Amino acid sequence: MPVYMGYFNGALQVNVPYVTVRICIPSTTQCQTINNVLLDTASSGLRIFSDALTISLPNVQVGGQDVATCESFGSGNIWGGMYFADVYLAGEPSFKLAVHVGSSSFGLSGTPPSPCNSSLVSSATQAGMNGILGIGPVPEGYVTSFYACNGSSCSSLNSSQGQDLTSENGYIRNPLFALASETDSGDINGVTIQLNAVPSGGLNYSQTNGSPGMVVGKLILGVNGQSDNPTPQPTASTLYGIYDCTCSNGFILTGLFGSSLGTNNTIDETLFDTGTTYADYAYSNVNTWTPPTTCSVSGYGSLDNLTWYCPSSDTPYTYDVIYNQDGNAPDYFYSLVFHIGNASTLLSNASNNAGVAFNNLAYEYTGSSNFMDLGVEVYFGHDVQILYPGTPLSTNDKYPWNQATFIASDSTNGLIVYN
């Protein structure tokens, strides 16, 4: 399944990995191919903005009323209704899914409930994408609040109704779990994401592959489940990370700046998130890392509101990613080297030379004091496997511990393999 980057509605979108999906009115041949859908490893479910949708899908209903939901992302909140669709991914057979269609006016005449009463992203033009394909490693969506709407107002669904909608066998599902449960179990175990390497000065846009954008890699459905998704062999530099589903989204690991486990330099939450276009760093609890000089930028829309890192030259940093189950010695310890460049220079290059991909753009995240979001940049030049909970893997020596036993014994955990 090609992953591409490029322009959306005439504007160059930097570090935004897009894929294409096809949806149909259930049990019909009335279909629409939708390009420029964000590939997101830190959410679950398929979301399409209403202004990108040209076919009329049937509503999901409870008690004769239309179901709506609010979902929060780093860039804002999406409110809208749930609609049934037949979905096609990468040439696989169709499967039934409830699609979240973003529309600020769905189901009511006033303001949507909190948190969708503010920071609302309500259109494809505003978002810079037609939708979001969330393939995070949980079977059900992260959404916890659902509403029944009558056209003028919406009321919260009770917990049992909400649970029916978010259960693994319900409709608010990870598309790959839905695909596997309805068609082919070989593709339920995860995905492999392979994105091309990007030079330090950035990758300039070149339309050599035709519409809809410049291909920068591929998404492989499944991990070693069938002949078309073989497992890339891990190397001595492979990172193994544990995903903890107790968090609302993303991969949660513990990270360290520097080389000493004994100093106060831990980061409690680390995400590997293709949906984050720039790396976010919050470091107030880290005393072994001196952050780069910061700067502001102007003329880049919403990017002007961020505090960017702007070292005088491209600078490498070491981030030690660990997983520790028992509080003693870590179960693994891996040094991930990433780079931070001068954001002002890089964004200027993007503007002047159609720079579409960078592996060293980063800004200071102010929403948490102990958080690190390794965005799409850490996927460039690597094979990244996301193995879903309960993955039936063989117990050979490809991995550093009995992975199949570990995952099977705890269905709330998955694994990320980073080459």
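Taking segment 57-71 only, how many residues are part of a strand (DSSP E or B) and surrounded by fewer than 17 Cβ atoms within 10 Å (Cβ to Cβ)? Qualifying residue count, segment 57-71: 1. Is one or more of the residues making up segment 304-320 modelled with pLDDT under 85 and among the hydrophobic types (A, V, I, L, M, F, W, C)? No; the residues of segment 304-320 include none that is modelled with pLDDT under 85 and among the hydrophobic types (A, V, I, L, M, F, W, C).
ALA90 passes every criterion in (1) outside any strand (DSSP E or B); (2) within 22 Å of VAL356 (Cβ to Cβ) apart from (2). The residues on offer are THR54, THR20, and the sole one that is part of a loop (DSSP other than H, G, I, E, B) and modelled with pLDDT of 95 or more is THR54.
The values are calculated or read from the model by the stated rules, or taken from the named source; none is laboratory data. Keep in mind it's a predicted model, so treat the numbers as computed, not measured. Using ideal geometry, Cβ is built from the backbone for each residue, glycine included, and neighbour counts are taken over all protein chains shown.
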